[in-house]
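One structure is given here, and the rest of the page talks about it.
The values are calculated or read from the model by the stated rules, or taken from the named source; none is laboratory data. Everything quoted here is computed from the prediction, not taken from an experiment. Methodologically, a virtual Cβ is constructed for each residue, glycine included, from the backbone with ideal geometry; neighbour enumeration extends over all protein chains shown. Side chains are part of the model used for accessible areas, which takes the heavy atoms of the whole protein and leaves out ligands, DNA and RNA. Shrake-Rupley method; radii C 1.70, N 1.55, O 1.52, S 1.80 Å.
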Amino acid sequence: ILTGTYPQINGVTTNAERREYNPQKTPPFPLFLQESGYTTAFFGKWHMDHSTEPRVGFDHWVSFAGQGKYQGNSLNINGKMVRNNGYITDELTEYAMDFIRDHSDEPFFVYLSHKAVHGPFEPPERHKNQYADADIPDVPSFHDDLAGKPDWQRIRMPTKKMFRLRYNNPREPKAKLPTRRMNPKVGGNPKTKNYMRLI
């Protein structure tokens with residue numbers, strides 16, 4: 001999204017490699033917005049390299065290392081580490097809204113990347129009992145046994161092996177691992193309700 005290029009061009013092929021793209025080779029689109037007179041800001045989870053350092057193309061930066069936590073984060077705010085103890089969804093939203101209010105009379109761009117809804121699913125205190133009595137219907141696709149799907153979807157394996165198998169790299173043997181297990185009862189899974197509470 002940031003570079004408008006496919007993984008084979010920007011070099012970031014999976015979420016798990018902790019690999020950063022090279023902004024000199026594939027410049028991010030906010031850089032072009034800056035050059036056109038926009039003030040740009042990034043808030044939230046970067047989800048590539050686990051560094052918290054501000055990135056090319058953003059005038060204002062609020063982020064944290066890796067996935068962060070739902071409660072209590074050390075945030076990098078324009079290069080200065082600030083401890084925030086509130087709920088991260090609320091905090092990021094407030095930072096973004098403050099920026100919008102401060103720049104509403106000029107061209108601006110906001111990239112807001114919430115931690116929600118990433119596990120572990122920890123809703124805020126005010127939503128912890130939401131949907132408590134709701135009957136959450138099963139999602140039909142959750143019961144798919146993945147029969148007939150490609151191996152890289154059906155079997156558990158390390159990310160690097162999965163990537164090689166996905167792209168038919170002949171040098172990497174296929175892992176002999178069991179078919180992915182499916183939870184037969186989605187509706188009774190408390191994580192399902194917590195996921196909805198995060199949304």
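Under the condition of being modelled with pLDDT of 80 or more, open to solvent by 30 Å² or more (accessible area, probe 1.4 Å) and on the phi > 0 side of the Ramachandran plot, the residues counted in the stretch 33-53 number 1.
Cβ-Cβ contacts under 6 Å between residues 6 or more apart (or on different chains), taken from a first residue in the stretch 78-94 that is part of a strand (DSSP E or B) to a second residue that is open to solvent by less than 50 Å² (accessible area, probe 1.4 Å) and among the aliphatic types (A, V, I, L, M), are listed as VAL82/LEU75; ASN84/LEU75.
Of all residues in the stretch 21-40, those that are over 12 Å from VAL56 (Cβ atoms) have Cβ atoms under 6 Å from Cβ atoms of residues that are surrounded by fewer than 17 Cβ atoms within 10 Å (Cβ to Cβ), 6 or more apart or on another chain, in GLY37/PRO107; TYR38/PRO107. Put simply, of PRO30, PRO23, PRO107 the only residue that is modelled with pLDDT of 95 or more and surrounded by fewer than 16 Cβ atoms within 10 Å (Cβ to Cβ) is PRO107. From the list LYS128, LYS115, the lone residue that is modelled with pLDDT of 85 or more and surrounded by 13 or more Cβ atoms within 10 Å (Cβ to Cβ) is LYS115.
Kindly establish whether HIS118 is under 24 Å from THR3 (Cβ atoms) and out of contact with any strand residue (DSSP E or B) (no Cβ under 8 Å at 6 or more places or on another chain). Considered against the rule, which asks whether it is under 24 Å from THR3 (Cβ atoms) and out of contact with any strand residue (DSSP E or B) (no Cβ under 8 Å at 6 or more places or on another chain), HIS118 comes out as yes.
Which residues, taken from the stretch 54-93, are open to solvent by 50 Å² or more (accessible area, probe 1.4 Å) and in contact with a strand residue (DSSP E or B) (Cβ under 7 Å, 6 or more places away or on another chain)?
PRO54, ASP59, GLN71, SER74, ASN78, MET81, ARG83, ASN85
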